[in-house]
Ligand code: RP5
C-alpha cells in the first residue's frame, strides 16, 4: 500500500518532507517525485495514469502559486488526492495556492489541507489507508493517545 508524494518543484520539498516523515513513522511505503503541471505536463499525465498500476493507493500533491498539480492529477486518476497548498516564492500571500487547490469543480474532488500542512496530509493519507488495515489503525490510535499525553504533559512544565 504505497503513497505517492508529488510536488511542483524541488523548492516544495522542505514542506513536503513533513508528509514523508509521517509516512516513515507509520512504516508506510512511499514514492517521491517532482511533477510539475505546467513545466512537465506530459510527465504529470504519465505519473497520474500509471499510479494505480504501481500500487499507489493515495496521492499527496503539493504546489504553490497557480497550484494546478493536485487538481489536474485528481482529474487523471480515481485515486484519492490530498492537496497541500504551499506558500512558495511565486505565491502572493498563500491564498492563491489555497484557492487554486480548494475550489475544485463538482466531480473531481481534492482533499485540501491547510497552508503548508504537509504533516496533516501525511496523517490523512495514513488514515485513508487505515480503513482497510487494522495495524495502521492501531498505530493511529497510539499516535493520538501519545499526542494527547504530550499536550497534557506540557501543562505540567509551564
Ligand atoms: C509551483 O511554483 C511549485 O509547486 C512551487 O511551489 C512554485 C515555485 O516553483 P520554483 O520557481 O521554486 O521552481 O509550480
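Summary table
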{"quantity": "Inter-centroid distance (Cα atoms) of segment 1-66 relative to segment 70-95, Å", "calculated": "11"}
{"quantity": "Shape category assigned to segment 2-156 from the gyration tensor of Cα positions, a/c cut at 1.5", "calculated": "oblate"}
{"quantity": "Folded to 0 to 90 degrees: helix 118-130 orientation relative to the chain principal axis, Cα", "calculated": "80"}
{"quantity": "Helix 13-25 axis, angle to the chain major axis (alpha carbon atoms, nearest 10°)", "calculated": "50"}
{"quantity": "Against the rule of thumb 2.2 N^0.38 Å, how large the Cα Rg of segment 101-158 comes out", "calculated": "1.51"}
{"quantity": "Chain lengthening between residue 43 and residue 25 when straightened (0.36 nm per residue, less Cα-Cα)", "calculated": "3.6 nm"}
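Read the figures in this text as sums done on the coordinates, not as results from a lab. Treat the numbers as computed from the prediction; the structure is a model and nothing was measured.
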